[in-house]
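Engineer: The structure's right below; bear with me while I get my questions together.
The values are calculated or read from the model by the stated rules, or taken from the named source; none is laboratory data. Keep in mind the model is a prediction, meaning the values are calculated, not measured. Every residue, glycine among them, receives a Cβ derived from its backbone with ideal geometry; neighbour counts consider all protein chains shown.
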Amino acid sequence: MKTNAANQEKELRATAWRLTKATYGRAFPVAIMLFSVLVLALLPGLYSVGFLFLSIPLLLLPAVFTAQMKMKGVSKREAPDYKETFGMFISYFVAPWRGVYRAIKTLLIAALIWVVASSISGVLYLSLASNFDPEFVAAYDAFQMEAQNAASYYEVMEMMSEFVYSPVAASFEKATMGFGAGLAGYYFLHSIGVSSIVAEFHFLFDGKAQFLDNRIFYSTYRSIRPTLAATYWKYFFFMPILYVVGFVSSFLIGASYVENPAVLPIIGFAGAGVLMMFAIPYFYNLMSSLIILYEIPASEIIVGQGKATIETMSHTPDFPKEVLEQTKTTVGVLEETLAAKKNADEAKRKEETKKDGSSAE
């Protein structure tokens, strides 16, 4: 027999699915917008992957935030208002939303994963190719011999450039580039998914928590992560699958037609985006359902963190009085909202218990 929590989870997922079917026509244009911005953000990477450190935080992540905000309106069956889209895009850069996706930290870790994974796969590829690919061994030995006999450093660099762009070396680069970029992209997807939960915590109080620091919401996530993580994967397992299928298939197709290995990760990311685009409306409806499961415990932690912040402010010399008073007012309003949520939840439980008792009779 299923527990009440399992029944509630099943009910919320079913509700998210029904809502997605009912509003898909209005939600899908938002997903198309997000995919279009993804393509625009990836285009600079065709010239140099380093440009992604600019285009992703300045273009893609504000679009992700805008999509999340607009999906909230769609889920409430509100008519889409595209005039406010630009305002949502800009609001990502100001409090309380600034930093909600932790762009710099996420990108730096993704880049580190890319480098480390590419290095590991490169070592493995060289080890395997040295034992099982005579063509690669012959080409590499020829390069080493020519490099040893080179007359100058510039001649060595020219030989290295020729070797790097040779068909044999291109296979090596495609393999290492694909593995490193694929893992980095997967981490990025997971990190943004987690950060979207943090953004949802803001919505628990209908925007009344706008004066609280983002660190409070991340602390809230860390406090409930042990129980939230398992539920998160049960809810969103399909997104990593779509990412892997889209990235790998696009990367392999691109590898058959594109000579420059550096372009292939961009093709892979775009391919993953194509598949995930169709699931975006369901993803955000599920996200809202997931938060409902943790609404009261998360709200309790947020209020507790807010009170702790007030205590710290009160004992900090020369702390701005207006900020302290503003925070006190905000936390007071949140506390009242939390009390109302608890009362409503208790009334709902009593009603369900009464219905169960009537059914048993």
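Engineer: If you take the residues in region 4-46 that are under 22 Å from the mean Cα position of the chain (by Cα) and polar (S, T, N, Q), which one is surrounded by the most Cβ atoms within 10 Å (Cβ to Cβ)?
Structural biologist: This residue is T20.
Engineer: Considering region 225-245 alone, what residues qualify as being aromatic (F, W, Y) and more than 21 Å from G182 (Cα to Cα)?
Structural biologist: Once the filter is applied, which keeps residues that are aromatic (F, W, Y) and more than 21 Å from G182 (Cα to Cα), region 225-245 yields Y232, Y235.
Engineer: Additional query: Considering every residue within region 315-324, establish whether at least one is at pLDDT below 85, surrounded by 14 or more Cβ atoms within 10 Å (Cβ to Cβ) and assigned to a helix (DSSP H, G or I).
Structural biologist: yes
Engineer: Looking only at region 118-127, count every residue that is farther than 13 Å from K174 by Cα and either hydroxyl-bearing (S, T, Y) or in contact (Cβ under 8 Å) with a residue 60 or more places away in the chain (or both) and tell me the total.
Structural biologist: Total meeting the criteria: 1.
Engineer: Can I ask one more? In this structure, is F278 in contact (Cβ under 8 Å) with a residue 12 or more places away in the chain, among the aromatic types (F, W, Y) and either part of a loop (DSSP other than H, G, I, E, B) or crowded, with 19+ Cβ neighbours inside 10 Å (or both)?
Structural biologist: Criteria not met by F278.
Engineer: Starting from region 185-211, take each residue that is within 16 Å of P57 (Cα to Cα) and list its partners that are of a type in the set (D, E, K, R) and modelled with pLDDT of 85 or more, counting only C-beta distances under 9 angstrom and pairs at least six apart or across chains.
Structural biologist: S191/R102; S191/K105; S195/R102
Engineer: Still on this model: Can you report the number of residues in region 220-249 which are without any contact (Cβ under 8 Å) to a residue 24 or more places away in the chain and touching a helix residue (DSSP H, G or I) at 6+ places or on another chain (Cβ under 7 Å)?
Structural biologist: Looking only at that region, the number is 1.
Engineer: Please go through region 218-256 and give me each residue that is within 17 Å of the chain's Cα centre (by Cα), surrounded by 15 or more Cβ atoms within 10 Å (Cβ to Cβ) and among the aliphatic types (A, V, I, L, M), ordered by number.
Structural biologist: Selection gives L228, M239, L242, V244.
Engineer: Could you tell me whether any residue of region 43-50 is closer than 20 Å to T106 by Cα and polar (S, T, N, Q)?
Structural biologist: yes
Engineer: Taking A298 and the conditions (1) small (G, A, S); (2) more than 18 Å from V64 (Cα to Cα); (3) free of Cβ contacts under 8 Å to residues at least 60 places away in the same chain, which numbered condition does it fall short on, given that it satisfies the others?
Structural biologist: The one condition A298 does not meet is (3).
Engineer: Something else: What is the number of the single condition among (1) buried (at least 17 other Cβ atoms within 10 Å of the Cβ); (2) acidic (D, E); (3) part of a loop (DSSP other than H, G, I, E, B) that E259 does not meet?
Structural biologist: Failing condition for E259: (1).
Engineer: Related question: At pLDDT 90 or above, over 19 Å from I192 (Cβ atoms) and not in a loop (DSSP other than H, G, I, E, B): is that true of L43 in this structure?
Structural biologist: Considered against the rule, which asks whether it is at pLDDT 90 or above, over 19 Å from I192 (Cβ atoms) and not in a loop (DSSP other than H, G, I, E, B), L43 comes out as yes.
Engineer: Additional query: Just the residues that are modelled with pLDDT under 80 and either over 28 Å from N214 (Cβ atoms) or part of a helix (DSSP H, G or I) (or both), please, taken from region 96-126.
Structural biologist: Residues satisfying the conditions are Y125, L126.
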